[in-house]
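Trainee: Below: one structure in structure tokens.
The values are calculated or read from the model by the stated rules, or taken from the named source; none is laboratory data. The structure displayed is predicted, hence computed values, not measured ones. In this analysis, Cβ positions are derived from the backbone assuming ideal geometry, glycine residues included, and neighbour counts consider all displayed protein chains.
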Amino acid sequence: MSNPTDPRQMPGADPYSGNRKIDPVTGYDTTGHDWGGITELNTAFPKVVIWALVLTFLYSVVAWILLPAWPTGRGYTRGLLGLDQSEEAIKGFNSLADRRQDWLSRFADDKFDVLSLSADATLMATAMPAAARLFADNCAACHGTNGQGGPGFPVLSDETWLWSGDAEEIATTIGHGINTEDPDTRYAEMPAFDWMERSDRLTLAEFVSEMPGRAVDFESPAGTLFSENCSSCHGETGAGGLEIGAPSFTDEAVIYGQDRETVMQTLRRGRHGVMPAWSGRLSEAEINLLALFVARLGQPAGGGQ
């Protein structure tokens, strides 16, 4: 509001004369800053903001006293309430483990009857979501979220297997791994054919690259080359060798790739993939549960989840 007794607000007076500068429109003091005719008012700081800052400070002091807050090297202050989130997490995990132990115990080795377990719809409704979580946590990083595989990692969602698609055999693979230090590990290795003439490797690579979904002539010179060097592991028709983990060449689920250039690289350098052993990380019941889940991934019905 204007003050008629203030000489700076009298008609014709200069509002910026003297030490104080008053905005002629609002009557507020100004800071003296001017940006192209726009003057900054020296208004009071909002009280609601001040109170918000005070309350925030008071809350932080109370939280520091009651709750875990300050690091002390290897530990931290517990606060007067004595809360410990790690202990709470362990309690929650133990509670979850206790609740699932009743049905999980049915997957122990001496009770792992795949047919009877699969026929129990109530059990499967509980077990398969838990198995899916196990798969996501331990297998999906390599084999894909739906078992679709990837370069260097086998597909688990089809009907072609390196050893066997039976849950019991899958459990053996999961438990002991492939090419690991486990004494019962499975072994599978593709030797290097660097000793072979490059022209023969090219012929063989071209022949193998044409095998998926095509009719190849095993009586041809390339077919003879295949029979003499590859059929002992991969089968006479390239369908794979379950007993030794040799992959099939006749389907589309190829671990490393089956174009001519990739097959040439395989022939020249060989392959030595590793599947880790999980027996030291998962319980026997969890391994069996996971094996049944993986076996169902390859079923036409979509995995039976």
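Trainee: Any residue at all in segment 193-200 that's hydrophobic (A, V, I, L, M, F, W, C), surrounded by fewer than 18 Cβ atoms within 10 Å (Cβ to Cβ) and modelled with pLDDT of 90 or more?
Mentor: Yes, because at least one residue in segment 193-200 is hydrophobic (A, V, I, L, M, F, W, C), surrounded by fewer than 18 Cβ atoms within 10 Å (Cβ to Cβ) and modelled with pLDDT of 90 or more.
Trainee: Residue 188 is checked against (1) in contact with a strand residue (DSSP E or B) (Cβ under 7 Å, 6 or more places away or on another chain); (2) under 30 Å from residue 118 (Cα atoms) and fails just one. What number does that condition carry?
Mentor: (2)
Trainee: Which of the residues spanning segment 144-184 are assigned to a loop (DSSP other than H, G, I, E, B) and among the aliphatic types (A, V, I, L, M)?
Mentor: 155, 156, 162
Trainee: Something else now. Which one of 134, 115 is assigned by TED's automatic domain parsing to the domain that holds residue 175, of a type in the set (A, V, I, L, M) and more than 18 Å from residue 166 (Cα to Cα)?
Mentor: 134
A quick yes/no check of all residues on (1) under 30 Å from residue 197 (Cβ atoms); (2) in contact (Cβ under 8 Å) with a residue 12 or more places away in the chain; (3) acidic (Asp, Glu); (4) not assigned by TED's automatic domain parsing to the domain that holds residue 145:
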site: 232; (1), (2), (3), (4): yes, no, no, yes
site: 241; (1), (2), (3), (4): yes, no, no, yes
site: 244; (1), (2), (3), (4): yes, yes, no, yes
site: 249; (1), (2), (3), (4): yes, yes, no, yes
site: 255; (1), (2), (3), (4): yes, yes, no, yes
site: 262; (1), (2), (3), (4): yes, no, no, yes
site: 289; (1), (2), (3), (4): no, yes, no, no
